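The values are calculated or read from the model by the stated rules, or taken from the named source; none is laboratory data. Remember, predicted model here, so these are calculated numbers, not experimental data. FYI the Cβ positions are ideal-geometry reconstructions off the backbone, even for glycines, and counts take in every protein chain you see. Surface areas here come from the heavy atoms of the whole protein model, side chains and all, with no ligands, DNA or RNA. Shrake-Rupley method; radii C 1.70, N 1.55, O 1.52, S 1.80 Å.
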Amino acid sequence: MLTLLTYKFITHRAWPLCLALCLDIVLGNLWVAFNGGISNPFTSLLLIFIVIAFLLLPPTFALIVVLISILGQVAQIGLPSLLPGQQSHTAHALSDEMLKHAMGMVSGFVIAAAIIALSMYYLKRQWFQSEKALQNARERQLRDEQLLTIGAAAAQLTHDVATPVQSLRLLNEELQECDIELSLKREFNEHLDKVEVSLEQWRDAAEDVRTRRQHNYTVGEIITQLRQLLRIARPDAQVNWQCPERFKTAIISADRTLFPAIANLVINAISAGERSHQLVVSVQLNLTLVDANPQLTIHILDNGDGLSQAQQRKIGKSMTLSENGMGIGAVISHATLERLGGQVSWQSTSEGTLTLVLLPVTAYE
């Protein structure tokens, strides 16, 4: 068959395969026309080409093959009378009984072709969806394995840092008793307090994850916590917070990993704007209904250069190397918010990059 030869030895492209299938259908119909025409019981074998079309071709090209097959069957009613050596059968072929039989054969072929086409299209679509779901599962498994490695390294680092911090605390107590500049004492004490607070927060967050313990936070409390984290991480940046007062009483159920996950997204937005010499980031919180369920929406808009289509597909889902790092922060934030029942997505706008976060609302009055 021309189709198989084309597929195996020439190309896997759609249009040459479609052309080869159409030629096979024409040759098959000519063979049928020379061997009894529409009354040939083997005419139903031409349905095989429709199955092959949906296996090898995109839906549009497969539909063309279906139409060509149907036209070939319709042509069988008058085609034998036009072929040399078949004129003797013309009178018999055009009799009322044979005409009814021919119309019935064509109708049966059309119905069978439609059923096969719809069935193959549905099965192929289900197969593609299963392949996509399997690929997504593989990517999530790889991401989870990477995050597990990062988490183990972070736990080890926290354990290793705890002892030096205790030693520094003892040294700080002695430093406070020494006769040195007061501002130096205060600065050293403040930095040490920040390190101890960060370690304590990490321990609490790790314990929440280990015990699957969740807390109820109002939107107002979330904003306060995020401001405190950003004040420590990026005190030089300007973040414009926008949230209607009536929404600040809405309650979100989550563990303590929620705050660093959202803070990482804001810090990424600040870094993106920084490359364009813009340290102003807008964070807008609102409540919307998604499938009749209240959701907290967080829009984080920066003034950076935006993201390409490839970056939008990969960001947060895999660690991709770039000039700004490995994208680990986005991956961790994406996995954390997904674990808490939320979603995060990125899209480019005329002003920069918009990061959209969705979180389920537990209660709202």
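Okay, here's what the table says:
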{"quantity": "Residue satisfying all of: in region 337-365; open to solvent by 20 Å² or more (accessible area, probe 1.4 Å) and hydroxyl-bearing (Ser, Thr, Tyr); nearest to ASP291 (Cα to Cα) among these", "calculated": "THR362"}
{"quantity": "Of residues in region 263-298 being of a type in the set (Ser, Thr, Tyr) and at pLDDT below 85, the one farthest from GLU221 (Cα to Cα)", "calculated": "SER276"}
{"quantity": "Criterion violated by HIS334 - all others in (1) more than 18 Å from GLN135 (Cα to Cα); (2) open to solvent by less than 30 Å² (accessible area, probe 1.4 Å); (3) modelled with pLDDT of 80 or more; (4) touching a strand residue (DSSP E or B) at 6+ places or on another chain (Cβ under 8 Å) satisfied", "calculated": "(1)"}
{"quantity": "ALA310 vs. criteria under 30 Å from TRP202 (Cβ atoms) and open to solvent by less than 60 Å² (accessible area, probe 1.4 Å)", "calculated": "no"}
{"quantity": "Only one of ALA263, ALA269, ALA237 that is free of Cβ contacts under 8 Å to residues at least 40 places away in the same chain and either among the aliphatic types (A, V, I, L, M) or in contact with a strand residue (DSSP E or B) (Cβ under 6 Å, 6 or more places away or on another chain) (or both)", "calculated": "ALA263"}
{"quantity": "Qualifying residues in region 354-365 (those that are modelled with pLDDT of 85 or more and outside any loop (DSSP other than H, G, I, E, B)) - the one farthest from ALA205 (Cα to Cα)", "calculated": "LEU354"}
{"quantity": "Residues of region 179-188 satisfying the condition of being open to solvent by 60 Å² or more (accessible area, probe 1.4 Å), at pLDDT 70 or above and farther than 26 Å from PHE259 by Cβ", "calculated": "ARG186, PHE188"}
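Residue by residue, here is whether (1) within 20 Å of ILE116 (Cα to Cα); (2) at pLDDT below 80 holds:
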| residue | (1), (2) |
| --- | --- |
| LEU17 | yes, no |
| VAL66 | yes, no |
| VAL74 | yes, yes |
| GLN87 | no, yes |
| LEU99 | no, yes |
